[in-house]
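Undergrad: One structure follows; several queries about it will come next.
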Amino acid sequence: MSDYYEVLGVSRDASTEEIKKAYRKKARQLHPDIAGPGHEEEFKEVQAANETLSDPEKRRMYDLGGPDASGFGGFGGAGPDLGDLGGIFQTFFGGGAGGRGPVSRARRGSDSLVAVEVDLADVAFGATKTVPIDTYVTCKVCDGSCCAPGTSPVTCSQCNGQGSIQQMQRSFLGNVMTSSPCPTCKGYGTVIVTPCKECAGEGRVHVHNDLEVKVPAGVTDGLRMRMSGRGEAGPAGGPAGDLYLEFHERPHEFLERQGDDLYTELRVPMTAAALGASFPLETLDGERTVSVKAGTQPGDEVVLDGLGVGRLRRSSRGDLHVGIVVETPTRMDERQKELLTELARLRGEDGLPAAKDEGIAGKLSDAFKGGKGKGRGKKRR
C-alpha cells in the first residue's frame, strides 16, 4: 500500500486545504478524459488518499497505524468521497443527464396531511368517519401518459433521445467535453407533441374526494396515522405519496379524559352523602346507577370499571372515575333549621360558634357552596 501523503505529493504536516488542492490537481491529471486509459488504479488511489487525509478523524487513525489501522485501506467500507471531484466533473467533464441518460417524467407524488375531528365516543369505541380531502389522482383520460389518447411521446430530434447535449469547450485544462440537459426535451429524451387536454400534459388531475377513515379506539389528540400510497398521485403516472391522518379530539360536555380513563363529578345532597343513596349518571354507554355509600365525604370517588376509553390495539377499556361533590343547602325554612340544629345537638356539635345568625346550617353553608343536587355528571374543575 502506497503512502497517501506521497500519492498526493504533500508533507505530513500539510493543512486540509493543501491536501484538497493537491487532490484536485492529481484528479485532473489522472482523469481518463485527459490522461487516457491505463491510469484507473492511480486515479482510485488518489481518491482513497483524499478521502482519508481530508477527514481529520480518518487522518488521525491513519497517522497512528497506517491505512490498515484507519479502516480505510483499499476500497472497502462506504467507498471514496467524491464530493470535491464531483464538482470538477460537473464543470469540466459533464454530468447530470449526460452521464445517466434521459430522465423519467414520472415522479413520486407528495405526502398529504389531513386533520380528522373526532368526538370522545369515537375514540372510546372506534368509528368510521368521512373526511373531505383535496388531492391529485392519475388522469383517467391518458392514464398518466400525459399524451392525448391515440398519441405517444416522440424522440427528441435535438438530442436523439439522449436527454442531454455535449459540447467541446476550451478551458485551462485544454479542450474538454461538457454535457448539459437538452433544452428542447428538458432531459427527458422525448417530446410530447399532443398533450392530454384533461390534465394539460401532467398525467394527473386535482380532485375533491371524500375519504372514509377508520378511527381506532384509543387514539389520542394529535396522533398521526400513516396510510401508505394514499397521498397525491405523482406526475406522469408516478407512484402516489403517503397520506397522514392527524386526529383532533373535541372536548366533551361533562367527561374529561386522562389516558384511557374518564373523569366526571356527581353532585349529591348532604343528606344523601350521610345516609347513602343511588343516583342515575349519564355515561358514554348510556345511563348507569351510582351507589353513594352512607358517610361519603366530599372528594370521595366511585369507580365504574370498563366504562372509559378503549385502549389502542387492545380489546379492553379504561375506567370511569366519579368524584362525589357533597352539596350543602343554602336556604332552609325554620323547621329544617330546627331539625339540623337538633342533629348538631345530638352529635355534640352545637357548641360551634354561630355564623351570620344561621347556627350550624350557616357554618356548613359557607364551607360548601353549591346548588341543588341533580344526580348527573359534570366536568371536574
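The values are calculated or read from the model by the stated rules, or taken from the named source; none is laboratory data. Only a predicted model underlies this, so the values are computations on that prediction, with no experimental measurement involved. Every residue, glycine as well, gets a Cβ built from its backbone with ideal geometry; the counts of neighbours run over all protein chains shown. These area figures cover heavy atoms from the full protein model, side chains too; ligands, DNA and RNA do not enter into them. Shrake-Rupley method; radii C 1.70, N 1.55, O 1.52, S 1.80 Å.
Undergrad: Rounded to the nearest 0.05, what FRET efficiency do GLU41 and THR184 give with R0 = 25 Å and r taken as the Cβ-Cβ distance? Could you check? Display every interim value, and only then the final one.
TA: On the way: r = 40 Å, r/R0 = 1.60.
Result of the calculation: an efficiency of 0.05.
Undergrad: Quick one: dipole size for region 255-327, taken about the Cα centre, charges +1 on Lys/Arg Cβ and -1 on Asp/Glu Cβ, in debye to the nearest 20.
TA: Values: 8 positive and 12 negative charges, 53 e Å.
Its charge dipole is roughly 260 debye.
Undergrad: If I stretch the segment between ASP319 and MET332 completely, what's the gain in nm (0.36 nm per residue apart, minus their alpha carbon distance), one decimal? Could the numbers behind the result be given before it?
TA: Details: separation 13, 0.36 × 13 = 4.68 nm, distance 3.79 nm.
Result for the pair: 0.9 nm of gain on full extension.
Undergrad: Continuing with this model, one more query. Which ³J(HN,Hα) values in Hz, rounded to whole numbers, follow from the phi angles of region 101-106 under the Karplus curve 6.51 cos²θ - 1.76 cosθ + 1.60, where θ = phi - 60° and Gly and Pro get x?
TA: Working through the residues one at a time gives x, x, 8, 8, 6, 5 Hz.
Undergrad: Determine, from the Cβ-Cβ distance of GLN258 and ASP210 and an R0 of 41 Å, the FRET efficiency 1/(1 + (r/R0)^6), rounded to the nearest 0.05. Could you put the intermediate results ahead of the total?
TA: Working: r = 33 Å, r/R0 = 0.81.
The formula returns an efficiency of 0.75 here.
Undergrad: Something else: Of GLY299, TYR263, GLY318, which is farthest towards the positive pole of region 255-327's charge dipole, taken about the Cα centre with +1 and -1 on the beta-carbons of Lys, Arg and Asp, Glu respectively?
TA: Most positive-ward Cα: GLY318.
Undergrad: Which of the GluC sites (Glu not before Pro) found in region 275-351 are in a DSSP loop and have at most 13 neighbouring Cβ atoms, other than their own, within 10 Å? Spell out each step's value before the answer.
TA: Numbers: sites: GLU282, GLU287, GLU301, GLU327, GLU334, GLU338, GLU342, GLU349; in loops: GLU349.
Here the GluC sites (Glu not before Pro) that fit, given the DSSP loop and packing criteria, are GLU349.
Undergrad: Sticking with the crude label model, points 7 Å out along Cα→Cβ, report the distance from THR271 to SER104 in nm, one decimal please.
TA: For THR271 paired with SER104, the spin-label model returns 8.1 nm.
Undergrad: A follow-up question, please. Not counting ligands, DNA or RNA, and with a 1.4 Å probe, what is LEU346's accessible surface area in Å² rounded to the nearest 10?
TA: Approximately 120 Å² for this residue.
Undergrad: Something else about it: Read phi for every residue in region 110-119 and hand back ³J(HN,Hα) as whole Hz from Karplus 6.51 cos²θ - 1.76 cosθ + 1.60, θ = phi - 60°, with x for Gly and Pro.
TA: My calculation for region 110-119 gives 6, 6, 10, 10, 10, 7, 10, 7, 10, 8 Hz in order.
Undergrad: Separate question: Identify the trypsin sites (Lys or Arg not before Pro) of region 231-323 meeting these criteria: DSSP loop state and at most 16 other C-beta atoms within 10 Å of the C-beta. Walk me through the numbers before you get to the answer.
TA: Values: sites: ARG257, ARG267, ARG288, LYS293, ARG311, ARG313, ARG314, ARG317; in loops: LYS293, ARG311, ARG313, ARG314.
In loop regions of region 231-323 (DSSP not H, G, I, E or B), the sparsely surrounded trypsin sites (Lys or Arg not before Pro) are LYS293, ARG311, ARG313, ARG314.
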